[in-house]
Every structure is written in C-alpha cells, then in structure tokens.
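First the structure, in the form of structure tokens, and then the observations on it.
The values are calculated or read from the model by the stated rules, or taken from the named source; none is laboratory data. From a predicted model like this one, the values you see are computed outputs, not experimental measurements. Methodologically, a virtual Cβ is constructed for each residue, glycine included, from the backbone with ideal geometry; neighbour enumeration extends over all protein chains shown. What goes into the accessible areas is simple: the full protein's heavy atoms, side chains included, and nothing from ligands, DNA or RNA. Shrake-Rupley method; radii C 1.70, N 1.55, O 1.52, S 1.80 Å.
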Amino acid sequence: ITTQGVTRVEDLINQLPQAFAAQNATVSNGSTGTATVDLRGLGSARTLVLVDGRRLPYGGVTNSAADLNQIPSQLIERVEVLTGGASAVYGSDAIAGVVNFITKKNFEGVEIEAGYNFYQHNNSFEGPGAVKLRDVIAARSVTNPAQFQLPDDNVTDGFGRSASILIGMNTDDGRGNFTAYATVEDGDEVLQRDRDYSACALNPNPTVSFSCGGSSTASPGRFTDFGANTNYNFTVDSNSTVPAWRNFSGATDQYNFGPTNFYLRPATRYNMGASGHYELSEKADVYTQLMFTDYRSIAQIAPGGIFIGDTSTINCDNPFIPANRLAAIGCTAALIASGGSVPMYIGRRNTEGGGRQQDFKNQSFRAVIGVRGEMAEGWDYDFYVQRSGVKADQLTKNYFVIDRIVSALDAVRTTSGTIQCRSAAAREQGCVPYNPFQNGGVTPEALAYLQAPGLQQGTIDQEIYNLTFTGDLGTYGLKLPTATD
C-alpha cells in the first residue's frame, strides 16, 4: 500500500490475480457509486469482506456487497485473502472467498500523510496495422466538427488529492490503546474525449476497417419511418440558416457518444473513526471500533433524449415541420387539415441538456463493542455486538420522461398564432412544445418540462450479535479420522 501510493483500496485489490474488476471509480455506465471486490469472477455478492474478522455492512441498496470506500487505507496493517474450500466456513456469502482487512493495533504516535496524484497519457494515435487513429478522427472532424475533435498529444488529468491523520496512544500500564483517524480524498474526472482510443466511438471489426462509428440517435436528429409509409430517412441540415432537412447518412451523421463518458468518476470521500481496547483482566479484554464514511461521486454517460421507439407517429399539423417536407413524410392536405398522424420514429440526442448523470451520496457508520478473553485453560471466548447503518441516495439528471415527450411533440398552432401542446391536460401540467426539427429550436422551457430528476433513497440497518468459543478438541481425543489435529 505504501510503496504503490494507492488511496483507493480497490486499486490495490484489483491487482491481485484472483480478483476480477468489480464496481469502482472507473465505472460510469451501470455504476452503483460503490467500490467492491469480486474474487474468482463469481460476483461481488459472493465475496465476503471483513474488518478484523467482522463484517462490513452492505454497500448500497441495490447490491449486498460491502463498499470498500468504508476502509481507510492508512489504517490497514495487512490484507488476508482466502479462496478455495476453506472459505466455506464463513457461509454461503463467501462462496468466492473472503477478504479480511487487518487494522493496526496498539499504534502509538501521530502519523500524517498527504498525497497528490494524476494520470498522464501520450496520445500516439496508433491503430492496428498501418491505421492512424489521428487520420480516422480527423476525417470525421471535417464532416462533423461539433462531435469529433482530436485530443491533445499529451494529456494530464484526473488530479487527486488526499490527506490523513492517525493518532494513537497506549496506556501507561500497557494494557490498553486508543487510536483515532481522519482522512479526506478528492479526485477529478477523466473523460473519454481525452484519449486517442476513445475520442470517437470506434466501429468493430478493426482488422478489416477502422472508423469512427456512433449511434443513429443523433444530433441534430434522425427522422424515419423505416419504410412504413414513404421510406424516408432525414436529418436536420445543420449548415442551413432556415429550417431544412436532408437525407440522413450513417457514415457521417451518427452521433459520437464517446467523448462525454467518464473514464474516472469525480469523487469526494471523508472517513473518520476510532478504535480501542483495554484489558480488565486475563479473562476480559474490552474493545470497540467506530467507523464513519461520507462518499459522493458523479457518473456521466452520453446525453439521452428521444430514442428510436419512444415515439412512432407525428401529427401532420405540427407547425415545426418544414412545409417542404410534409409531402415527403406522407402528410396529405387532408391529414394536415384534420391533424392526422403519419409514421415517424425519432432519434434525437439531448445535447442541449448535457450528459446523463447519476449523483451518488452514500453515508455509512459501523459501531462494534465486545469483550474477549480466556474462559478456561485452552478455551477462549469472544462476544461482540455490531450495529451498522447505510444511507444511499442517488439522483439522476438530464433524462427525458417518455410521456412528456409524446405530449411535447404533439404541438399545434392556435388561431392566435401561438404554438402550444395539443392536450389540455398536458398544458395544465406545464407542457411546453418541443422542436427537434430545426436548428436552435429547443428552448430552455421545453427542456425544463421534458427533463425530470429521478431520486432513489434507501437505508439499511444491520445488527449482529456474535458469541464464539474457541478450543482444541484434540486435547479430549476428539478429531476426524482424516485430520492430524
């Protein structure tokens, strides 16, 4: 831990050959805001995590695995990893194995640490064979400069800062110790746009060709009926100063969803706690351990918006559709007059609102109090009570509500010339018409209506009462025939 300078415990564990990558700070799409360990690839929920032989609480409300963010690295003396059949003694949640973090005991003195770290990457733009990623990205930057940009040749980012203090003292008689700690860590994000191999969403099959691909849920949009009516496939002409459409090209108009994704989530973590013990007698050593963690992180992926399948029709009297395209999408004079609909599937990125984000805020505490000692010659006991609590909040941002998409796209012009949502019930709920059919047509008011934050809150309370007797049955002549002791 010391020589590698890690501040996140999972960075150390994931280097072990028996550990598979699990939840950590590099996960954005599908993140739970926790850091977990997965032994032998059997799942983090099947890996038991202990501190001094006692359980950590669940890390979050969506995963029973323990959150390694609760463990301060400066308090660790060593880490014991147990895999194989011996782990079966711990029960069914240790099928993959056990990771036991042993903390420092009888620490005396004051230890202060501070750290500063960053990531440095040289963008060589080398692809397989003779392919130059610089040329691949540069070609798309000509046809779509808003989404394809070459990163700098040399990038330094993901700056992290940490500071900790550890204080401990022994009693004069040597029978007790008290240790307290506090730590703070803060780290910046790393974006995919700043790496040559992720600045564009690369097409598969690189041995045949290497090109920038993307998603047909595009910006400034894709409008198609997939052959259901007139077999059209249009996009907004971003070079036109007037409302205009042109044919959608998969080679040049696909959306580059790579750059806005986080490779490394920004995060801030506070840890504090204390532990102590005092030997009242040979038969009673009273001990306690307190831990508190406050962790916040943000995960970000590409902007959402309207995805193919969210809608399937469009009303022909929609005033935002360019008049010279009404016939092309199958709108007749009769349908326009009656407000009838024609098939239309829309794929349009919410670039105005920004990337989809998940804001995680997790708090946890753990309190242990117990007594241990010698019960009789050759027999020891250990009794403790553990109380843990986890509060996990998750706030999602910049996501569209599908019901509101349908209402906001069903826009009509009133007799007074204003444009409004057709549904009176939707208008009462604040519906604002959404215009994806023109450059600059999306208003802040429309975004405020379409985007709704999602909030998930959960708490977990855990109580453990443990009484253990340890002795050698061999002294009574009791052992398995296959055992040596």
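Table: residues versus (1) β-branched (V, I, T); (2) farther than 20 Å from A21 by Cα; (3) under 25 Å from the mean Cα position of the chain (by Cα).
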site	(1), (2), (3)
V49	yes, no, yes
G59	no, no, yes
A65	no, no, yes
V89	yes, yes, no
**Message:** Quick test for you: out of F469, F360, F383, F365, pick the one residue that is in contact with a strand residue (DSSP E or B) (Cβ under 6 Å, 6 or more places away or on another chain) and closer than 21 Å to A302 by Cβ.
**Reply:** F360
**Prompt:** Hey, does the range 111-119 have a residue that's open to solvent by less than 40 Å² (accessible area, probe 1.4 Å), more than 16 Å from A199 (Cβ to Cβ), of a type in the set (G, A, S) and out of contact with any His (no Cβ under 9 Å at 6 or more places or on another chain)?
**Reply:** yes
**Message:** Among the listed residues R387, R404, R427, identify the single one that is basic (K, R), part of a helix (DSSP H, G or I) and surrounded by fewer than 16 Cβ atoms within 10 Å (Cβ to Cβ).
**Reply:** R427
**Request:** Six or more apart or on different chains, Cβ under 9 Å: which pairs go from a residue in the range 473-485 that's more than 14 Å from E377 (Cα to Cα) to one that's at pLDDT 85 or above and open to solvent by 100 Å² or more (accessible area, probe 1.4 Å)? Could you list them?
**Result:** D485/K479
**Request:** For R246, indicate whether it is modelled with pLDDT under 95 and in a strand (DSSP E or B).
**Result:** yes
**Fill in**
In the set T7, T3, the lone residue that is in a loop (DSSP other than H, G, I, E, B), open to solvent by 30 Å² or more (accessible area, probe 1.4 Å), out of contact with any strand residue (DSSP E or B) (no Cβ under 6 Å at 6 or more places or on another chain) and not small (G, A, S) is T3
**Prompt:** What number of residues within the range 320-339 satisfy the criterion of being exposed (fewer than 15 other Cβ atoms within 10 Å of the Cβ) and closer than 18 Å to Y434 by Cα?
**Reply:** 2
**Fill in**
Residues of the range 18-34 being more than 19 Å from A94 (Cβ to Cβ) and either in contact with a helix residue (DSSP H, G or I) (Cβ under 7 Å, 6 or more places away or on another chain) or open to solvent by 30 Å² or more (accessible area, probe 1.4 Å) (or both), in sequence order, are A21, N24, T26, V27, N29, G30, T32
**Item:** Residues within the range 36-60 that are in contact with a strand residue (DSSP E or B) (Cβ under 7 Å, 6 or more places away or on another chain) and open to solvent by 60 Å² or more (accessible area, probe 1.4 Å), tallied
**Value:** 3
**Residue count, the range 292-311 (criterion: in contact with a helix residue (DSSP H, G or I) (Cβ under 6 Å, 6 or more places away or on another chain) and open to solvent by 20 Å² or more (accessible area, probe 1.4 Å))** = 1
**Message:** Whether any residue in the range 65-83 is open to solvent by 30 Å² or more (accessible area, probe 1.4 Å) and among the small types (G, A, S) is what I want to check.
**Reply:** no
**Item:** Filter result for the condition that a residue is among the aliphatic types (A, V, I, L, M), farther than 30 Å from D393 by Cα, within 40 Å of the chain's Cα centre (by Cα) and open to solvent by 10 Å² or more (accessible area, probe 1.4 Å), over V371, V342
**Value:** V371
**Message:** If I filter the range 130-149 for residues that are among the hydrophobic types (A, V, I, L, M, F, W, C), at pLDDT 95 or above and surrounded by 18 or more Cβ atoms within 10 Å (Cβ to Cβ), do I get at least one hit?
**Reply:** no
**Request:** Specify the residue that is most open to solvent (accessible area, probe 1.4 Å); the eligible residues are those in the range 251-287 that are among the β-branched types (V, I, T) and more than 30 Å from N203 (Cβ to Cβ).
**Result:** V286
**Request:** Quick one: in the range 84-94, of everything that is open to solvent by 10 Å² or more (accessible area, probe 1.4 Å) and hydroxyl-bearing (S, T, Y), which residue is nearest to D393 (Cα to Cα)?
**Result:** S92
**Residue in the range 430-485 that is surrounded by the most Cβ atoms within 10 Å (Cβ to Cβ), counting only those that are in a strand (DSSP E or B) and in contact with a Leu (Cβ under 9 Å, 6 or more places away or on another chain)** = Q456
**Item:** Filter result (in contact (Cβ under 8 Å) with a residue 60 or more places away in the chain, open to solvent by 40 Å² or more (accessible area, probe 1.4 Å) and in contact with an Asp or Glu (Cβ under 8 Å, 6 or more places away or on another chain)) within the range 390-401
**Value:** L395
**Asked** Does C431 qualify as being free of Cβ contacts under 8 Å to residues at least 24 places away in the same chain and hydrophobic (A, V, I, L, M, F, W, C)?
**Response** no
**Request:** For the range 439-471, name all the residues that are in contact with a Gly (Cβ under 6 Å, 6 or more places away or on another chain) and more than 30 Å from I321 (Cβ to Cβ).
**Result:** D461, G471
**Asked** For D380, which of the numbered conditions (1) assigned to a loop (DSSP other than H, G, I, E, B); (2) farther than 30 Å from F223 by Cα fails to hold?
**Response** (1)
**Message:** Name the residue that is modelled with the lowest pLDDT, counting only residues in the range 100-112 that are in a loop (DSSP other than H, G, I, E, B) and not polar (S, T, N, Q).
**Reply:** K105
